[in-house]
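Engineer: Would you mind keeping the following structure in view while I ask a few things?
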Amino acid sequence: MMRRPLALLLSLTLAFPVNAYDLPDLGDVAASELSPATERRIGEQIISQIRWRDAAYLDDPEIEDYINRIGHKLAAVSSNPGLDFDFFVVNDPTLNAFALPGGFIGVHTGLLLAAQTESEFASVLGHEIAHVTQRHIAQIVGKQSQSAMLMLASLLVAVLAARSNSDVSQAAIAAGQAGAIQSQLGYTRAFEREADRAGLETLENAGFDVRGMPGFFERLQRATRMYENNAPAYLRTHPLTTERIADMENRAASMRYRQVVDSPDFGYARAKLRANAGQPADAVKDMENQVAQAPGDAAAGYGLARALSRAGRLDEAAKRLDAVRAKTPPSPWLVTLEAEIRLARKDGAGAIRTLEGAVRDFPSNRSLVYSLADARILGGQPGAAVEGVRRTLDNRQGDSRLWALLSRGYAALGKRTAQHRAQAEVYLLRGSLPAAIEQLEIARKAGDGDFYELSAVDARLRELKQRLLEERKDREG
Ligand SMILES: [Zn+2]
């Protein structure tokens, strides 16, 4: 049973420039059941490839935090609130979202920009969450042995590799070869309907406007027609049909009507995406048009200030941002931009002061902590950066962004042993064990570590080398 799919998989893989990707390592999965834990493990391997090796992954903690807030609000009232979910953003103008095994849900920037209300955006997340809570991926592969899961995982990696390479012919090869197993992987109509219905209920439970779902899906359907045969694999496997939309409309009509106001974050997240897109001069023009259309809109003003800052027009950016802040409730989005502008104007102390206040005002905001550490490193206070990051790491050991900031902070202090020791943790969390070991070797030889530090490096090195040995044994066995 295992041989043929593996051979197919190999031919599938060789066709792509997958050197930037590793195949998911499933270890002894073939011998076990496809449990939620296994699915999560496969998902973790795929997401680590996307997050740290796919150029299209949007490495923006502010926006990622926002979609996670919406996603977790929905997941908490879904039919299976105990499941783990992680949401991430892919820089891609097409209208798309997808669920990977294990509750990892990707959203294209194009989708966030196309949504006219937060409820519309939430409706797509609700649909994808339902694919996970209803265990559709497991059901598709469950009856066909673990090898199908391996194929699915590899196919996803391959499609992502082809896409991030932005080479159309490669993508075409990917789609063609994938076609052979497409039918096995595609969600069935029944699954789609189930995800629509469960998603709609989740949307209502979370307090969003349920009419956002049929409205948005109808616009998505119209947009999908434009892609025709060039539709990404996902859209071909998630066919939107008139019946599906009619079904959603009927159900939404029987639910309670609710006027829902979008959170300010929805506007800020979209404005940030627009302001950061394309050439700075074009972004300024785009945001100027937005402001002209809605002069009182805080998000549009924020977007214009951000675009001006990107274009190097810092005085105008600061003035525009001040005008927005005078008329709007405080928000971390505004603070972060203010700090960025201050840093660009060489006012490191001002940037740090601004962010220190914001961390106190918004203690649960994760991205402010990154911004503060970054400002302290750039603004000449690396010691304070290291101290703050270390405190935060106590509760967030698995946060590779924090470890990267810690490494940068030590580098700025000239502490090389500590710098490379922290960098080892970055690589480890980003799925590269050999690179982590290499960093610890460098840390050992750096020559500025004290006895305790070097003992800790040695202990970690022994641990990671043992882990590498076990992984290799697993792969051969
Ligand atoms: Zn679907």
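The values are calculated or read from the model by the stated rules, or taken from the named source; none is laboratory data. All values reported here derive from a predicted model rather than from experimental measurement. For neighbour counting, all protein chains shown are included, and Cβ atoms are generated from backbone atoms with ideal geometry for every residue, glycine included. Side chains included, ligands, DNA and RNA excluded: accessible areas come from the protein's heavy atoms. Shrake-Rupley method; radii C 1.70, N 1.55, O 1.52, S 1.80 Å.
Engineer: Leu58 - would you say it is in contact (Cβ under 8 Å) with a residue 12 or more places away in the chain and open to solvent by less than 10 Å² (accessible area, probe 1.4 Å)?
Structural biologist: On the way: in contact (Cβ under 8 Å) with a residue 12 or more places away in the chain: yes; open to solvent by less than 10 Å² (accessible area, probe 1.4 Å): no.
When the stated conditions are applied, Leu58 does not pass them.
Engineer: Let me ask something else about it. Kindly establish whether Arg430 is basic (Lys, Arg) and modelled with pLDDT of 95 or more.
Structural biologist: Details: basic (Lys, Arg): yes; modelled with pLDDT of 95 or more: no.
Against the criterion (basic (Lys, Arg) and modelled with pLDDT of 95 or more), Arg430 does not qualify.
Engineer: I'd like the residue in region 132-142 that is more than 12 Å from Gly102 (Cβ to Cβ) and assigned to a helix (DSSP H, G or I) and, out of all such residues, is modelled with the lowest pLDDT. It would help to see each step written out before you state the result.
Structural biologist: We begin by selecting, within region 132-142, every residue more than 12 Å from Gly102 (Cβ to Cβ); these are 133-134, 136, 139-142.
The next check asks that each one be assigned to a helix (DSSP H, G or I); those that pass are 133, 136, 139-142.
Working: Thr133: 90, His136: 80, Gln139: 72, Ile140: 66, Val141: 63, Gly142: 59.
Among those residues, the one meeting the criterion is Gly142.
Engineer: To continue, here is another question. When you scan region 189-215, how many residues do you find that are open to solvent by less than 20 Å² (accessible area, probe 1.4 Å), closer than 19 Å to Arg69 by Cβ and part of a helix (DSSP H, G or I)?
Structural biologist: Summing the residues that are open to solvent by less than 20 Å² (accessible area, probe 1.4 Å), closer than 19 Å to Arg69 by Cβ and part of a helix (DSSP H, G or I) in region 189-215 gives 4.
Engineer: Just give me the residues in region 79-105 being within 13 Å of the chain's Cα centre (by Cα), open to solvent by less than 50 Å² (accessible area, probe 1.4 Å) and not aromatic (Phe, Trp, Tyr), in sequence order.
Structural biologist: Our first condition is that a residue be within 13 Å of the chain's Cα centre (by Cα); within region 79-105, this holds for 85-92, 97-100, 103-105.
With the extra rule that they be open to solvent by less than 50 Å² (accessible area, probe 1.4 Å), the set shrinks to 85-90, 92, 97-100, 103-105.
Result: Asp86, Val89, Val90, Asp92, Ala97, Ala99, Leu100, Gly103, Ile105.
A quick yes/no check of all residues on (1) open to solvent by 20 Å² or more (accessible area, probe 1.4 Å); (2) within 18 Å of the chain's Cα centre (by Cα); (3) charged (D, E, K, R):
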| residue | (1), (2), (3) |
| --- | --- |
| Gln45 | yes, yes, no |
| Trp52 | yes, yes, no |
| Ile67 | no, yes, no |
| Ile70 | no, yes, no |
| Lys73 | yes, yes, yes |
| Val77 | yes, no, no |
| Gln139 | yes, no, no |
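Engineer: Which of the residues spanning region 236-292 are loosely packed, with under 12 Cβ neighbours inside 10 Å and at pLDDT below 95?
Structural biologist: Correct list: Thr242, Glu243, Asn250, Ala253, Ser254, Arg256, Tyr257, Gln259, Val261.
Engineer: Looking at this structure, is Arg396 in contact with a Pro (Cβ under 9 Å, 6 or more places away or on another chain), of a type outside the set (Phe, Trp, Tyr) and under 22 Å from Ser48 (Cα atoms)? Write out each step before concluding.
Structural biologist: Details: in contact with a Pro (Cβ under 9 Å, 6 or more places away or on another chain): no; of a type outside the set (Phe, Trp, Tyr): yes; under 22 Å from Ser48 (Cα atoms): yes.
In short, no.
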